[in-house]
Each structure stands twice: as structure tokens, then as C-alpha cells.
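Novice: Here it is: the structure, laid out below.
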Protein chains: 4
Amino acid sequence: MSGLEAVRRAAVRLFAERGFAATGIRDIARAAGLNSATLYHYVGSKEDLLTGMLRESQEDLLRAGREAFAGSADPAVQLARMVRAHVATEAVNPLTSRVSDHEVHSLTGPGRAVIVGLRDDYESLFHKALARGARTGQFLITDLPVARYALIEMCNGVADWYRPDGRLSVAELQDRFSELACRMVGGRLVRRAECDPPVAITRLSWEPLTPAGPEQASA
Amino acid sequence: MSGLEAVRRAAVRLFAERGFAATGIRDIARAAGLNSATLYHYVGSKEDLLTGMLRESQEDLLRAGREAFAGSADPAVQLARMVRAHVATEAVNPLTSRVSDHEVHSLTGPGRAVIVGLRDDYESLFHKALARGARTGQFLITDLPVARYALIEMCNGVADWYRPDGRLSVAELQDRFSELACRMVGGRLVRRAECDPPVAITRLSWEPLTPAGPEQASA
Amino acid sequence: MSGLEAVRRAAVRLFAERGFAATGIRDIARAAGLNSATLYHYVGSKEDLLTGMLRESQEDLLRAGREAFAGSADPAVQLARMVRAHVATEAVNPLTSRVSDHEVHSLTGPGRAVIVGLRDDYESLFHKALARGARTGQFLITDLPVARYALIEMCNGVADWYRPDGRLSVAELQDRFSELACRMVGGRLVRRAECDPPVAITRLSWEPLTPAGPEQASA
Amino acid sequence: MSGLEAVRRAAVRLFAERGFAATGIRDIARAAGLNSATLYHYVGSKEDLLTGMLRESQEDLLRAGREAFAGSADPAVQLARMVRAHVATEAVNPLTSRVSDHEVHSLTGPGRAVIVGLRDDYESLFHKALARGARTGQFLITDLPVARYALIEMCNGVADWYRPDGRLSVAELQDRFSELACRMVGGRLVRRAECDPPVAITRLSWEPLTPAGPEQASA
DNA sequence: GATGAATGAGGATTCATTCAT
DNA sequence: GATGAATGAATCCTCATTCAT
């Protein structure tokens, strides 16, 4: 594992565990097995690290969302595919996703607008699918923005509790959430096969290899 | 407004906007119109402030949840009442709720276990209603823990976007979320009247009076 | 016990236990059962407290030393009487004496010179007795200043270990030290009776009533 | 001189002059020619500094005491050798010794017990020599603990007044104190030659190079 | 007499970052 | 690539002291 990757993974883990502001540059360096001065050979600044991380994470989510959306013309399938892609992304990159969901407010520089823009683009995909489904009568949606918020928040939550070594496989997780989402908007249940080929979700190079885990002693 | 209340409200606002770790004691003091040394006249420490805030918030949510649960024997009504209480709490105390949802990890002392315990108690109320509804066949729940997580996360999200001066009244918000929740678990739609008398949700003394608002300049 | 006395005793105890610089005005107030603002009705400042304490203590020691010196024309008896007076003073006012011995350097104002002057006057009494005894041949003193320092330091030490409720009464303590001092300077042993009438040693109003004792819990 | 040594010497000087509690970390840094943040590169904390200093000083004194004691089987020579070693240690490391004598009470952590243990071990050496001398009849000791306290206090005092550039050489100082000590316990006078080879006393790396001196202005 | 509230200065310590080696 | 040393600014918090009530 290269130095840069070690830094990124250490940063993601710590930002996820303690939050950006509560994490020191020395903590990251120590967790990456580097001297804190050496860390600056790989990274411009602490905020650069966060910016890069959020951008890559958000871009990946947006890409997955677009693929999911483009995979069908049926709003029900579009929604199911997007939810499946979203929860899989959160499940495969739980720590990065957690930071992505919680630390946007820590960005101060110009990078912030970029991230917010990406998130808005992503949310508009949900809007489009929900709006069309509502228009065609496939969905029963009393309030479109509320439904959209609820759907996305529900999916975001996955990063907070899902454990890869737990009871549920990613595919099962996707099935469960697909069902919940379809029911929530009053749509028909979309079977897993209808969503094939699934959107490919890959682990980000930022995501730490070992899951959360308490206190990885170094000595 | 007393000094203590001013401190608490300032702290909630800043913790909600920037996060606990990124908020300085001087920032809080300035926002409360006090010298930072004076602040310590009212409060033991920065962490005490957070602990007290999370406890009061979590206790209030638990109380509301219990009242909601106790108001009916029908799982569908129980769920609807709990969701209504939860979103109303988030809508009436958006900033406090935001902090409550995001800053548990910032607690280090013994207070942490207390807060986590309260949250667990709260979640068990949802578990009970969902489990019974599933047993009686009123709900269609493939995976109970997943449904519980999804429901609660969806409700928590409210604090992140709801604006009291926006399009939706609290009552309308409750109607929307009640509908989404009922559909999500495959239950019948519960009308507002069935939830009467509603659980009373009051503004916490910690909640700032003016809503979020960007950068209340003081000078 | 008046408020002023309570403050003085609390201050002496804390200065003796933790040192002047490490003792806060609030600590003193709490130990005296007062609000820290109320304390300022009795005392001008923290340093005033120390100054007054050192002066009263040093004046008392000087008075005792003078009485001891004046009680006889025989250098041996003079020395014995002075040593007896000194150790009795330390034994009867152990905490005040301890502060007196250790905290002169904490004085910054003009009071410092006064205290140092008193101490010099006191030391000159020893010098006079030793010098005359050496001249008359009653004492065998190779180095007068060294002997004087050694004698006084030896006596000062009493405050650090003597316990009124211990094995030794004050009179026995005096006997022991008188013997040590006489031997040290090569003089004849002076019996207790030769030192009558003894110098009266009274407890200072500053000296706490209960001995040192660890952690006098207040609640 | 290395940075660490500079910090140590500056700390010793200031602790000796003003006391531990009255010395600021910034004062130490300034006296060492460092920024106060840089100081933390060398030292863990202010208390660590004191702990290390007291331990090294006390260990050195104990080592010297043991060598002195082991150098002879005659209690009189043992006592003379120990007194000579003690006063030489105080004379060669006056500032470190002063802190060592006065600041044990400033220790709060677990290091305190260690220091107190070392001091107890040291005192027991005196006890052994005095006890045996009393048993053999070489010493006339009415009260053994009192004699031990008096001896040690008398020696400790040296750090408070001895000046290396003064009237007395270290060897002369040793001669004077040896004489005083022998007389004090009613023993025979032990000549310097009987104490050969003398215990080697070396300057601690903590001891400032220039003597006390008032206010070494840096600018 | 007594006290809650207030404050500027300063306490020890950690911060992100730089740079010569 | 790597690091020990360095630093100004900032961290949370405590200080002795004052004053209106």
C-alpha cells in the first residue's frame, strides 16, 4: 500500500470515528505509520484531504446514481436501481460514506460549492424518477420533496449501522431497501432480476480495509 | 433571558452549525454576549454543556415516544403516533435535534453511556410496535431491524431540512411522515384523528429562538 | 471564631500544604466557609495575607528569641534558651512556621524587606551568643557562620515533622534539641532548670486548631 | 548544550528561585531560549519536568549515601562520610538540591510515591549508622529519630546559603559539617583522611552552570 | 456583611504547518 | 522520501480581583 493510500485510509477512519475537527494531523500520521512532517509530502493540508475525500465519494455516488437511473425507463425500476446502488455504496464504503454524510459543513474553501453541487445533482436524479412515477400514477406521493428527503436519509443511514460481516449480505440489504422504498412511495415491488445488470459498486481507494473496529493498537 | 439560557442557546446553535469540536468556548461566549470567563460561571465545561444538552434532548424524545406508544394498543396507531411525535420534536427543536443526532460521538465521559442508554430505550419502542404489528399481520416486514433503522433515520433527517417558516406546517409534516411510515411497513393508513389526542411537543429551553440563519453578525 | 480568624487559619493551612502560589483565593474562601468575594471584606489581597502572616510569625519568633537571649548572661544558657524557644515556637505553630520558613520568596512587595530584616535580626541573636561563647572558650566553634546556619536549620526542621499528639511533649522536644545544640558547639550540657523561667510560647491566632491532617472533607 | 539540557537547567533555576507553582512554562521556555511550544518537543509536561528532576536528584543522593555508608564499618566514619557526601552534593548542585528539598509536595501523580520511597531509603542509612553507633556506645544519642532529623535538616540547609565562589571550598565545608555532626551525636572527631577515598560527587546535568544570580536578562 | 456576576490576564497545552537537514 | 526541530496562533480553562445589589 502506497504512502498516499495509507494516509487517505487513516484519515477516513479517523474522520469517521472522531469527526474532522476532532482529528489532528498527528493522529492521522501516526495511524498511517508516518511522521507528521512526512504526511505533508503526500497531502497539501488537512482540508485538502477532506475535500478530496468528499469529492471522490460524492462523484462515485453520482456516477452510480446515473448508471442506475439510465438502466431503465420505468420509474419503479429506476427508483429500485438507485436505492440498490445507494445502499450498496454505503455498505461497501461505510466509513467514507459516513464522513461524506456528516462533514460537508467542515469544508470552508471553494471546494464546498463543488460538493454541494454534486449532491444536488444526485438528489435531482431521485426527483426525476419520483416525479415521473407520480405523473404516470405508478407512485402515490403526497409530497414529492418530503418523499425524496425521506428516501435519501433512510439510505444514508446504512453507513451508520451496516456491518459487512453481519447477518445481511449486500445483496440482501439491497433487497430489503428496495422493498421499503417501493412500498414507501406506493409503487409495485420490483424484483432483483428486474434491476439487472446491477450497477457495479467498487470500494473506493480511500475506504479502510478493516471495518470500523475499536482502537487498532499500533505497538 | 437568563445568562444560562443564553449560553445554552448559543451553544446549540453553534454546535449545530459547526459541530462540537469546531466550536470554541469563546465563540459560544461571544454569541451569548458574555466574556468567556463569565461563561464558566454558568457552565462547568464545554463537554458538560454538550452532555446536558444531549441528555435533555434525548429524554424529551423518549418521553414523547413513550406517550405516543402508550396512547393506543393498535400497532398501526402506535407507529403513526410515534412517527408524528418524532418528526414534530425534530421540527420544533431542529438545532437541538441536529446536535443530538450528530454529536453523541463527541462525548467522552461517563455521560456517554447514559445518552446511549436513552437512545436504546427509545429505539426499543419502535421495535415493540413493529414486532407486534408484524406478528398480527397488520404490517408486512421482511426484516425488522432494517425497517426500524430506516424509519428512525428517515425521521431524524427532518432536522436537517425542515424550516418552520417554510411550506409545511408541523401538522402537515406529521401527516406526510405518518403516511410514508405506514406505507413503508405495509400497514393501513392511519388518519390524523386516530392519533388524537396528539403527544404534546414543546420547545426545549435549549433551542435557539431564531431559526438557523447564516452568520448572525454581532458587531 | 471570627471571620478574619477563619480566613487566616484556612490560609495558613493551605499555604502550608500546597504552597502559596498553588493556593487559590477560592480555595481559601471555601476552606474558611466563605464566598470568595466576602473574603475581600477581611483581607486586602492574597499577598497581604501572606505578608501579615510572615510578619506576625517572624515578629513572634524574634520576640521569643530576644526574651531567651536576655534571660541570662551565660552564652551556654543563652544558646539553650534560644534553641528551646525556637523549637517550641515551631512545635506550637507548625503550619505557620512551615510557611514562614518556605514562602519568603513569594513576597514581592515592600513587605519582603521587612521580613528579611526581622530574620536577620533574629539570626544576629544566635551570632552574638555563639561569638561570645567562642571568645570565652565555652564553645568550640571552627566556623561561626556555618555553626549558626546549621543550628537554625536544624531547629526550623521541627515544623516539618513534629506532631503534637506524637511521642514527644514540647518540653521533651526542647530537652533533646538543647542537648544536640550544646554538643554541636562543644559546650556544656545545660539542664532544663537552668533555663527557667522559660520563654512563654503562645499559639498564634493564625495557627489552625487541628493539626495538618489529610483532606478535611467539608461536606 | 542540547535543547533538552537547556530546558532542564532553566527549569531548575526557575523552580529554585520562584518555586514550581509560581513558574510558568513560558518562563522556562524563555530562559532556555525556546518557544514555549518547542519546549513540549523535549518535555512531556511541566510536572514531568519536576518528576524527572526530583528522581534524578534523589537517586543521586541515595547512591552517594550508599557509597558513603559502605566505605567503612565504623559508625563514626560512616556518619562522617555520609554527612560529607550530603553537603558536597548540596554544594555542587545547590539549585537542584533546593528544589529537591522544597518541592516534593508539588508532585501529584504516581511519581510522588517513588520520590518519597527514595527519600525514606536514604534516611534509613542515617538511621542504621546512628543506631549502631548508639549501641556500641560510640555515640551519645538520647533520641534517635530526633538526632536523625536534626542531622539531615542541618545538611539540607547548605543548599540555601552555600556559594561556590564564597569563603569556603567544598572540602572545607565538608570538614566543618563533619565536625558539627560528630559533636552533635557525642562521637569522636573523624579526620578527613579517615574518610578516604571520598565519595565522588558529580554535578547533575540538570544543575545550571552559573550560580543563582539575580535575573539573568536575556534580551 | 454577604454574594452572584463579571472580566482581563494568564495558566498549560495542542494546533496545523514549515523547513533545514 | 523522511524527520527532528521549530513556531505563532489557538485551545480550554482558572486566576485574583471588583462591584452592584
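The values are calculated or read from the model by the stated rules, or taken from the named source; none is laboratory data. This structure is a prediction, so every number in the text was calculated from the model and none was measured. When we count neighbours, we look across all protein chains shown, and the Cβ atoms used for this are built from the backbone with ideal geometry, even at glycine.
Novice: Go through D:R81, D:R188, D:R167 for me and flag whichever is farther than 24 Å from D:A11 by Cα and touching a Ser or Thr at 6+ places or on another chain (Cβ under 7 Å).
Specialist: D:R81 is the lone residue from the list that is farther than 24 Å from D:A11 by Cα and touching a Ser or Thr at 6+ places or on another chain (Cβ under 7 Å).
Novice: Can D:A73 be described as more than 16 Å from DNA strand F (Cβ to nearest atom), small (G, A, S) and assigned to a helix (DSSP H, G or I)?
Specialist: In short, no.
Novice: Of (1) closer than 30 Å to B:G186 by Cβ; (2) buried (at least 17 other Cβ atoms within 10 Å of the Cβ), B:A70 satisfies all except one. Which?
Specialist: (2)
Novice: Of all residues in the range D:21-51, which are more than 14 Å from chain C (Cβ to nearest Cβ), polar (S, T, N, Q) and under 22 Å from C:R18 (Cβ atoms)?
Specialist: D:S45, D:T51
Novice: Also, I was wondering about something else. Residue check: is B:P94 within 24 Å of A:T108 (Cα to Cα), modelled with pLDDT of 95 or more and in the same structural domain as B:T136 (by TED's automatic domain parsing)?
Specialist: yes
Novice: Exactly one condition in (1) over 30 Å from A:D101 (Cβ atoms); (2) of a type outside the set (K, R); (3) surrounded by 16 or more Cβ atoms within 10 Å (Cβ to Cβ) is not met by B:T38; state its number.
Specialist: (3)
Novice: Also: Against the conditions (1) within 14 Å of chain A (Cβ to nearest Cβ); (2) farther than 21 Å from A:H102 by Cβ, where does B:R18 fall short? Just the number, please.
Specialist: (2)
Novice: Shifting gears a bit: Could you check the range C:134-143 and list, in sequence order, the residues that are facing chain D (nearest Cβ under 10 Å) and free of Cβ contacts under 8 Å to residues at least 40 places away in the same chain?
Specialist: Keep residues of the range C:134-143 that are facing chain D (nearest Cβ under 10 Å), which gives C:140-143.
Of everything in the range C:134-143, those that are facing chain D (nearest Cβ under 10 Å) and free of Cβ contacts under 8 Å to residues at least 40 places away in the same chain turn out to be C:T142, C:D143.
Novice: Hey, any hits in the range B:55-78 for a residue that's among the β-branched types (V, I, T) and under 23 Å from B:E5 (Cβ atoms)?
Specialist: No, the range B:55-78 contains no residue that is among the β-branched types (V, I, T) and under 23 Å from B:E5 (Cβ atoms).
Novice: If only one of D:A32, D:A21, D:A64, D:A80 is surrounded by 22 or more Cβ atoms within 10 Å (Cβ to Cβ) and over 30 Å from D:M184 (Cα atoms), which one is it?
Specialist: Selected residue: D:A32, the only one of D:A32, D:A21, D:A64, D:A80 that is surrounded by 22 or more Cβ atoms within 10 Å (Cβ to Cβ) and over 30 Å from D:M184 (Cα atoms).
Novice: Of the residues that sit in the range B:32-51 and are more than 22 Å from B:V114 (Cβ to Cβ) and of a type in the set (G, A, S), which one is nearest to DNA strand E (Cβ to nearest atom)?
Specialist: Across the range B:32-51, the extreme among qualifying residues is B:A37.
Novice: Moving on to the next point. Could you list, in sequence order, all residues of the range C:105-133 that are outside any helix (DSSP H, G or I) and free of Cβ contacts under 8 Å to residues at least 60 places away in the same chain?
Specialist: C:P110
Novice: Sticking with this one: Please find, within the range C:1-42, the residue that is farthest from DNA strand F (Cβ to nearest atom) out of those that are without any contact (Cβ under 8 Å) to a residue 12 or more places away in the chain and in a loop (DSSP other than H, G, I, E, B).
Specialist: C:M1
Novice: Output the number of residues of the range B:150-203 satisfying the condition of being more than 10 Å from chain A (Cβ to nearest Cβ), assigned to a loop (DSSP other than H, G, I, E, B) and in contact with a Pro (Cβ under 9 Å, 6 or more places away or on another chain).
Specialist: Residues that pass the stated criteria total 3.
Novice: Among the numbered conditions (1) aliphatic (A, V, I, L, M); (2) away from chain A (no Cβ under 14 Å); (3) away from DNA strand F (no atom under 16 Å from the Cβ), tell me where B:A91 comes up short.
Specialist: All conditions are met except number (2).
Novice: If the requirement is being closer than 20 Å to A:E56 by Cβ and buried (at least 16 other Cβ atoms within 10 Å of the Cβ), which of these qualifies: A:A159, A:A147, A:A134, A:A129?
Specialist: Sole residue among the options that is closer than 20 Å to A:E56 by Cβ and buried (at least 16 other Cβ atoms within 10 Å of the Cβ): A:A159.
Novice: I'd like the residue in the range C:98-119 that is out of contact with any Leu (no Cβ under 8 Å at 6 or more places or on another chain) and away from every other protein chain (no Cβ under 14 Å) and, out of all such residues, is surrounded by the fewest Cβ atoms within 10 Å (Cβ to Cβ).
Specialist: Only one residue fits best here, namely C:P110.
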